[in-house]
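The values are calculated or read from the model by the stated rules, or taken from the named source; none is laboratory data. Quick caveat: nothing in here was measured; it's all calculated off a predicted structure. No Cβ is skipped: glycine too gets one built from the backbone with ideal geometry, and neighbour counts run over all protein chains shown.
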Amino acid sequence: MLENLFIVNIEGAITHDGRYLMIVRGEDEDHAAGTLSLVGGKVDRDVGEIQDVMEMTLRRELREEIGLKVGELAYVSCNSFVTSQGDSVIDVVFLCQYAGGEIVISDPGEVASTHWLTAAEVETWPDVPPWTVNSIRRVEATRLKVGW
């Protein structure tokens with residue numbers, strides 16, 4: 001069955017005052033625990049238009065993991081990778097306009113900490129994986145293009 005071929009993961013780069021909200025992944029995370037990351041999560045196997053499902057997933061994950069609301073979304077990129085557990089993942093990244101709320105970490109095992117960082121600060125963070133650097137570069141190019 002097609003649904004068993006891959007996991008769809010959605011990530012959001014929330015922008016506010018020239019900075020991006022980044023998280024340090026919690027120790028309970030199977031993939032890349034302790035590293036700097038965008039906020040996101042897996043798409044549930046819902047029926048619906050894929051664009052709607054991705055946006056609903058992203059808004060839900062942002063609300064559940066860190067308590068923030070976002071306004072407009074802009075598609076940034078889609079990549080694929082295989083986790084250390086052998087799962088094939090399609091990763092979709094969106095740029096998100098901050099719309100309010102206070103950061104509240106609901107599960108420290110998932111999100112250890114949060115940081116508002118510039119793109120340059122993300123690139124020099126001590127524990128930032130190369131895929132996060134690549135994502136933030138594409139996010140920054142999209143942000144400049146859309147004028148946020």
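Summary of computed values
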{"read-out": "When residues of segment 77-93 are limited to those that are under 17 Å from V53 (Cβ atoms) and in contact with a helix residue (DSSP H, G or I) (Cβ under 7 Å, 6 or more places away or on another chain), the one surrounded by the most Cβ atoms within 10 Å (Cβ to Cβ)", "value": "V93"}
{"read-out": "Which numbered condition L62 misses (of (1) touching a residue at least 60 places away in the same chain (Cβ under 8 Å); (2) within 14 Å of the chain's Cα centre (by Cα))", "value": "(1)"}
{"read-out": "Residues of segment 118-136 that turn out to be among the charged types (D, E, K, R) and at pLDDT below 95, as a count", "value": "1"}
{"read-out": "Answer residue from segment 122-136, given it is part of a helix (DSSP H, G or I), in contact (Cβ under 8 Å) with a residue 60 or more places away in the chain and not hydroxyl-bearing (S, T, Y) and is nearest to I14 (Cα to Cα) among those", "value": "I136"}
{"read-out": "Filter result for the condition that a residue is within 12 Å of the chain's Cα centre (by Cα), assigned to a strand (DSSP E or B) and modelled with pLDDT of 90 or more, over V92, V139", "value": "V92"}
{"read-out": "Residue match in segment 17-25 (condition: at pLDDT 90 or above, over 12 Å from the mean Cα position of the chain (by Cα) and in a strand (DSSP E or B))", "value": "yes"}
